[in-house]
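Let me begin by presenting the structure, written as structure tokens, before commenting on it.
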Amino acid sequence: MATKTISVDLEAYQRLRRAKSSPRESFSQVIKRAIWQPKQGTAGQLLESIRAAGTAVGPAEETLDQLDRLQESDAPTPDRWADAKKT
């Protein structure tokens with residue numbers, strides 16, 4: 001059986017060691033029985049999936065237009081420290 005040498009930090013090594021079900025279990029066996037979390041998708045991938053499915057999901061066009069108008073008219077909050085800076 002072919003092998004590959006890897007480097008892990010001390011914390012990872014300790015976790016592997018604690019995960020062994022017996023002193024005779026190898027680190028390879030520990031890794032093979034590990035349950036890996038699936039990779040998280042991106043928002044772009046989600047949008048692509050929705051478009052591919054032909055499903056109309058999301059806010060109505062009028063809502064998006066209203067949000068754009070509100071954002072354009074949005075002003076920054078007043079600087080609470082402006083008076084303190086002058087003194």
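Only the coordinates and a few stated rules stand behind these numbers; no lab work does. What you are looking at is a predicted structure, and each value in this text was computed from that prediction instead of being measured. Counting neighbours? That spans all protein chains shown, and the Cβs are built from the backbone with ideal geometry, glycine included.
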Along the positive direction of the dipole of the chain (beta-carbon charges: Lys, Arg +1; Asp, Glu -1; about the Cα centre), which of Thr5, Gln45, Ala75 reaches farthest?
Thr5
The chain: Kirkwood hydrodynamic radius (Cα pairs, Å) comes out at 20.2
In the chain, what is the count of Lys pairs whose alpha carbons are under 30 Å apart, counting only pairs at least 8 residues apart or on separate chains?
5
With each run of n ≥ 4 DSSP H residues scored as -39500 (n - 2.57), what mean residue ellipticity at 222 nm is computed for the chain after dividing by its residue count and rounding to the nearest 500 deg cm²/dmol?
-14000 deg cm²/dmol
Scanning the chain for trypsin sites (Lys or Arg not before Pro) in DSSP loops with at most 15 other Cβ atoms within 10 Å, what's the longest stretch left with none?
40-79
State, to one decimal in nm, how far the label point of Glu61 lies from the label point of Arg80, with both points 7 Å from Cα in the Cβ direction.
4.3
